[in-house]
Amino acid sequence: MSRIRQKNQELIIEVACHLFAEQGYAATKMADIAKQADIPKPNVYYYFSTKDNLYRAVLNTVIQPLLEASKPIELLDDPAEALTEYIKTKLRISRDHPDASKVFANEVMSGAKSLPSDIANELLVQSKMMVSKFETWSEQGVMAKLSPQHLMFTIWAATQTYADFSWQICNVMDKPKLDDNDFADAADFLTQFVINGCQIKQREEAERL
């Protein structure tokens, strides 16, 4: 792929991401994206063919990081370490992909009508993996017996709200935009909240009980 082509595609995705987040999928026209990106409309179609393809490209900018975010839970045996890394990564996604996160949230809230079936399936597989790992930790005694589904929902909500409801959060905190220190503070708080609330134990401690 040529550097110019790649640069144009990235620009189109960035502009489309912002417009999809601000206006929604249905209200956003390819002509609007082309105009704001200052790229001829035929070029937008040349790169992405259809609005659906461009929408999928926008979703992928946040879906792929979201899918990768659960790797610590999948691969690590220590729940404290895994949950700490997962929460940090989820907050990093909210910080780095705020518009794409809003597009994804809007898609889910509308019933995921335009979400490609393969992406929906990948997300479901990820969710089942996380639920299974939480259940395993509970059975091993390193985490309290609790609803694994509601634990997962709580972490989703607590981390993604920093992107999806950024206006409200910034308004309460009386600042135009959250900075890296704000996200670090959020990560520290949420990690302690989840680890303490789930009564996470070291394996040595769990074996003594």
Practice task
Among the residues of the range 106-120, count how many are part of a helix (DSSP H, G or I) and surrounded by fewer than 18 Cβ atoms within 10 Å (Cβ to Cβ).
Solution key: 6
Completion exercise
Ser132 meets each of (1) touching a Pro at 6+ places or on another chain (Cβ under 9 Å); (2) within 21 Å of Thr191 (Cβ to Cβ) with one exception, condition (2)
Fill in the blank from the handout: Checked the range 103-131 for anything in contact (Cβ under 8 Å) with a residue 12 or more places away in the chain and closer than 30 Å to Ala80 by Cβ; matches are Phe104, Ala105, Glu122, Leu123, Gln126, Ser127, Met129, Met130, Val131
Fill in the blank from the handout: Ala69 vs (1) at pLDDT below 95; (2) of a type in the set (A, V, I, L, M, F, W, C); (3) surrounded by 13 or more Cβ atoms within 10 Å (Cβ to Cβ): all pass except (1)
Handout entry: Selected residue (only one of Ala186, Ala144, Ala158, Ala163 is surrounded by 11 or more Cβ atoms within 10 Å (Cβ to Cβ) and in contact with a Gly (Cβ under 9 Å, 6 or more places away or on another chain))
Key = Ala144
Practice task
Would you check if there is a residue in the range 44-62 being within 30 Å of Cys198 (Cβ to Cβ) and surrounded by 15 or more Cβ atoms within 10 Å (Cβ to Cβ)?
Solution key: yes
Exercise for the section: Could you list, in sequence order, all residues of the range 72-101 that are crowded, with 19+ Cβ neighbours inside 10 Å and aliphatic (A, V, I, L, M)? Expected result: Ile73, Ala82, Leu83, Ile87, Leu91, Ile93, Ala100
Practice task
Give the residues of the range 170-201 that are closer than 15 Å to Ile93 by Cα and basic (Lys, Arg), sorted by residue number.
Solution key: none
Exercise for the section: Please identify the pairs in which a residue from the range 142-157 that is over 19 Å from Lys88 (Cβ atoms) has its Cβ atom under 7 Å from the Cβ atom of a residue that is part of a loop (DSSP other than H, G, I, E, B), counting only partners at least 6 apart or on another chain. Expected result: Val142/Ile200; Val142/Lys201; Ala144/Cys198; Ala144/Gln199; Leu146/Cys198
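The values are calculated or read from the model by the stated rules, or taken from the named source; none is laboratory data. Bear in mind the structure is a predicted one, so any value in this text is a computation, not a measurement. As a convention, Cβ positions derive from the backbone with ideal geometry for all residues, glycine included, and neighbour counts pool all protein chains shown.
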